[in-house]
Structure formats: C-alpha cells, structure tokens
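Worksheet: the structure to be examined is printed underneath.
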Amino acid sequence: MELDAIRAEIDGLDRRILELFVRRMDCAKRVAAYKIENGLPVLNARRENEILGKIGDAAGEYGFAAKMVFSTLMEASRALQHDLLGSGAQLRAALGSAAPVMPDRPKIACQGVPGAYSGQAALGLYPGGEVRFYERFEDVFRAVEKDEADFGVVPVENSTAGSVAEVYDLMLRYRFYIARGINLGISHCLLGRPGAGIPDIKTVYSHPQGLLQCADFLKAHGMEPVSCSNTAAAAEKVARMGEPSAGAVASEEAARRYGLEVLKKGIQNSGTYSTRFIAASKRLYIAPDADRISLAFSLPHVTGSLYRALARFSVVGLNLTKIESRPVSGRDFEYLFYLDFIGNLRDEKTVGLLCALSDELPDFTFLGNYPQLERAGARTRETE
C-alpha cells in the first residue's frame, strides 16, 4: 500500500476511536452519578487491575502499549468522576481559607548565626522582616510552631549538593506550608583577620559544602579545611580566635559583621553556586503572583503507578520542575515523592487534579502554591 492510503486508513480508525472515547466518557458520567447516589469511591483499583491484565493478554504483541493506552483512558475517566463528585473536600477547604496577603514586617527564624546566607535569603524574601537565628533546622521549625516566628527560612536545595533531606522531612513532620521561595546566588570569599594576607592562611573553617565548593582554591594554596556548622559560624569563630593563620570561607556580609577582611572574592571551584531557600509557615498563604506548587505523596506498589501519576500532570499542561524520592520512616522499601511544578491554583483544572490526587494517593500532602524569586533583595536588620 502507498503511504497516503495507510494514513487514510489510520485517519478513519482514529475517527472511530474518538467516537468510542466520547461514548466511554459519557458512560463515566453515568458511573459517577451512580457512585454519588450510592456513596461509592471513585477509585476501584482491583477492577482496574483486572481489566488491564485482560487487555494486556488480549493485545498479544501490543500488550504493553495497549495497557498504557487503556490506563490513560481510566485516568481520564477517574478525573471526570472526581470533578463530578467534588473530590478533595479537605484540600478545597484548606485552599478556601488561604490568606492572599502576608505580614509586612514578619518575624523570621533562620538556622545559623548573623551573616549566614539564610539571613540574606530571609531578607530577600521579606525585606522588612526581623531575623532571628537558631542553632538547628528543627529549632527553626519549633520557633514557627510556637509562634516565635511567622516564617522559618531554610535551604531545601543546592545546585551542587542537591536537596537538604532533613528540611523536607521536617516540612512533613510539622505539616507546614511553603509561603515563598528564592534562589540565592552563592559567591564564596576567603576571609581573614585584619592585616593577614593569603600566604598567612594555613587553616580554613566553613560549612562542609562551602569547603567542598572551594576545594580547588584551598588545595592550590595548601590550606587545611576544617568543618563548621555553617559559613557565618566559621567567620565568627575566626574573629573570636584572633589567629592570623586562620581563615574562613563565607560571605562578604559575614566579613562586615565580624570585622574580618575579604582576602579573595569568588574562590569557588567554578561559576556561582545557587541555593534554593523556602519560607515555611503554619498558615497557608497563596499570593496572586504564586507560580510554583509543591506536593508530597506515596504511591501504591503497582507497576506503572509513578508513570500514570506523572502523566496526569502532562495532560493538564503542567510543567514539572523537580521530582525526588525519600524513604518512608518505619516502612521498608516505601518512598515519598516530592514534586515541584509551575502552576497557580486560580486554574480550576489544576485544583481538580490536586483534589483527585488527594483522594487517591496515600500520604498526599499539599505543601503550597507560592512565588519563586530568583535572587535576594536589599538587606535590613538582623537580631541575635
């Protein structure tokens, strides 16, 4: 057969498939009406798995492809039923109570000491804020929990080291929301005591990631790296030591705060690193310019479950920007998936998708719809 003839046959088959698809979706509406009347859930996983098994067997050499197509049909059918049943009542209630406006001068909790990059991120997110520092990440979350702070600004991802797993775990443990996010460019400096020069520095203190990101410079100058809790704490330590041979990898802000000199700027191995920070809050805020949505959920142990879940984002036209898995504590070989994607909950299709997922997926957690900024703004005051 000529190609044009084959294509004409395909076009005819597609028209018939489309007609059958519309009829199938009309049946899904009637199924939804029956489920509403009889109080039945949308998802019947056992029936779906039985159908997919039979389809795979009947399709012969095309079994895998047939199961993929029919699985997508089932996803579309369930999405329609979820809309008709008004699924996700708990999530809809939370979204309905969201505040659009945040405090002008919030109290902000950060991990570290004054001069830390987290403080710069906090003031980039909330230029009128008052920043207080705490020793550990969990101390930051406790400060928000106890209303000592409106927001906790913490790092969640580094362009070289990846995600900060502890922070994601704390987000789920405390059930906080993300109010804002910011990508902060990190340019490391070598700091020393006033009057010291680069040849004088023998030992350099910093956070392990800071030391790793500047390893080439330190090695080239024969400097011994020593780990500290964070970069600003390293600067504070060097200032307190009063030892001319001691240096720190930290920011220019840390040098100003602790009376140190910047001996060399931009000593990182290559380019400028970036760290993503978020503002965690007990209260859900959804600003009009929110452009990022974050979720967490687990999946049933069924072949293709991750593919089918992700396909639903594609069908609605949502662009995923991050996906990561974390083991579930106390449950062997079970994982939570963290997703970030571009979107705003003013879009009813997006709301419908999240509500459907909230009813279907185990351990579903909505983490927020928030604006993601690209760099920090002006500094303001920090307090001990």
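Relative to the Cα centre, the charge distribution of region 1-94, modelled as +1 at Lys and Arg Cβ and -1 at Asp and Glu Cβ, gives a dipole magnitude of about 600 debye.
Each of Pro199, Ser97, Cys189 was scored by the projection of its Cα onto the charge dipole of the chain, and the greatest displacement toward the positive side belongs to Ser97; charges sit on the C-beta of Lys, Arg, Asp and Glu. Phi angles across region 90-104 convert, under the Karplus curve 6.51 cos²θ - 1.76 cosθ + 1.60 with θ = phi - 60°, into 3J(HN,Hα) values of 5, 5, 4, 5, 5, 5, x, 9, 5, 8, x, 10, 9, x, 6 Hz, Gly and Pro given as x. In vacuo Debye scattering of the chain, one point per C-alpha: log10 I(q)/I(0) at q = 0.12, 0.14 Å⁻¹? Debye output, listed in q order: -0.95, -1.15.
Per residue, the solvent-accessible area of region 230-384 (1.4 Å probe, heavy atoms of protein chains only, all protein chains present) comes to 47 Å².
Backbone amide hydrogens, once placed in the peptide plane, bring Ile186 within less than 5 Å of Tyr273, Ser274, Thr275, excluding anything fewer than 5 places away on its chain. Rolling a 1.4 Å probe across the protein heavy atoms gives region 1-152 an accessible surface of 60 Å² per residue. For Leu367, the residues whose modelled amide H falls within less than 5 Å of its own, excluding neighbours fewer than 5 places apart on the same chain, are Ser294, Leu295, Ala296. When the listed pairs Lys54/Lys322; Lys35/Lys322; Lys237/Lys265; Lys107/Lys237; Lys282/Lys349 are checked against a 24 Å cut-off, the alpha-carbon distance exceeds it for Lys54/Lys322; Lys35/Lys322; Lys107/Lys237; Lys282/Lys349. Solvent-accessible area assigned to carbon and sulfur over the chain amounts to 52 percent, based on a 1.4 Å probe. For Val204, what residues show an amide H to amide H distance below 5 Å, using hydrogens built from the backbone and excluding near sequence neighbours? Excluding prolines and chain starts, which carry no amide H, the hits are Glu224, Val226, Gly247.
The values are calculated or read from the model by the stated rules, or taken from the named source; none is laboratory data. This structure is a prediction, so every number in the text was calculated from the model and none was measured. Neighbour counts run over all protein chains shown; Cβ positions are idealised from the backbone, glycine included. Areas reflect the complete protein model, heavy atoms only, side chains present, ligands, DNA and RNA absent. Shrake-Rupley method; radii C 1.70, N 1.55, O 1.52, S 1.80 Å.
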